[in-house]
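First the structure, in the form of structure tokens, and then the observations on it.
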Amino acid sequence: MRTDRSRKALHLCSSLAIATGLLAGASSARAQSFQGTATVVAGSATVNTAPSTTTVNVSGNAVINWAPTDTATGGGPIDFQPVGTTATFTSFTDFAVLNRILPTDPSRAVQFNGTVISQIQQTTTFPGGTVFFYSPGGVILGPTAVFNVGNLGLTSASPVFNASTGEFDTGNVVTFSAANPGTLVDIQPGAQINALQEGSYVAAFAPAIRQNGTVTVNGQAAYVAGEAGTITFSPDGLFDIQVSVGTDGVGGGPGPGNAIRHGGTTTGPASSGAGDNHRIYMVA
């Protein structure tokens, strides 16, 4: 799973609405990027917030539980990352962090509308690290979402992790436990995922996958529709994908049989030679 190399403007508001928000202290809704309270439950990480930003400093491995500030039950997706904000995951060495976004209503999906960066800071700063996002109601990348990362995982099936070390990729294997049927990973038109370091990957695992955005990866892309399974992220790009519990795919469109719908673009540099396999996997 590891690799060694591993907007638009906000909608205008009336001046009266702005004044009312300031008087009510509602500016906290945009006080940070990720709209939730973070608790590090395994491994080592610190979370810092500032206006429109969230910065997560990771040391090795970490698992973070996020409790969204939107605690309503029912309704549409949670705006977990508003447009115009930036969240950055950073370390001085390679790292892996699992973000478990746990809404009060677990049936509600979480939506990203801002920019997510994962980077390694050495002599120069470059994209790196591994960042996973899990939420039981599904994960949506909205039209303004931009991810500039090392490796990325999006899932509605909770990855199994070591509560002591924070590892969820032991032996480069990620085990996805049972997802709620009908949940999906939805990459909407306009959303961008860039994983441009050599050997990077982008993976989506859920009962249904919609990919209508633009994914550019200098390595592998894996779209896996299932309710449970495992992916072995082999460094040579020849992934081992096993779906242990299948799906009817109803979250991917009207009626069954829509487990994976790909209407966007998945692309990237060609393989540079032997042992450098660049592939797109679609498994259901």
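Annotations
- Residue in region 236-251 that is surrounded by 24 or more Cβ atoms within 10 Å (Cβ to Cβ) and hydrophobic (A, V, I, L, M, F, W, C) present: no
- Listed by position, the strands (runs of 3 or more DSSP E) enclosed by region 113-162 that each have at least 3 residues that are surrounded by 21 or more Cβ atoms within 10 Å (Cβ to Cβ) are 115-121, 130-134, 139-141, 151-155.
- Screening region 61-82 for residues that are more than 17 Å from residue 100 (Cβ to Cβ) and either among the small types (Gly, Ala, Ser) or touching a Pro at 6+ places or on another chain (Cβ under 8 Å) (or both) and picking the one that is most open to solvent (accessible area, probe 1.4 Å) gives 75.
- Enumeration of residues in region 33-49 that are open to solvent by 40 Å² or more (accessible area, probe 1.4 Å) and over 25 Å from residue 174 (Cα atoms): 37, 48, 49
- Strands (runs of 3 or more DSSP E) wholly inside region 183-284 containing at least 3 residues that are within 15 Å of residue 141 (Cβ to Cβ): 184-187, 192-206, 208-211, 214-225
- Residues located in region 163-176, provided they are β-branched (Val, Ile, Thr), over 23 Å from residue 216 (Cβ atoms) and part of a strand (DSSP E or B): 173, 175
- Scanning region 264-284 for residues that are open to solvent by less than 60 Å² (accessible area, probe 1.4 Å) and at pLDDT 90 or above turns up 264, 266, 268, 278, 281, 283.
- Boolean, residue 157 is aliphatic (A, V, I, L, M), in contact with a strand residue (DSSP E or B) (Cβ under 9 Å, 6 or more places away or on another chain) and over 22 Å from residue 62 (Cβ atoms): no
- A search for C-beta distances below 6 Å between a residue of region 221-232 that is of a type in the set (Ser, Thr, Tyr) and any residue that is open to solvent by less than 10 Å² (accessible area, probe 1.4 Å) and at pLDDT 95 or above, counting only pairs 6+ apart in sequence or on different chains, returns 223/204; 223/209.
The values are calculated or read from the model by the stated rules, or taken from the named source; none is laboratory data. A quick note: this is a predicted structure, and the numbers were derived from the prediction, not measured. Using ideal geometry, Cβ is built from the backbone for each residue, glycine included, and neighbour counts are taken over all protein chains shown. The protein model used for the area step is the full one, side chains on, heavy atoms only, and it has no ligands, DNA or RNA in it. Shrake-Rupley method; radii C 1.70, N 1.55, O 1.52, S 1.80 Å.
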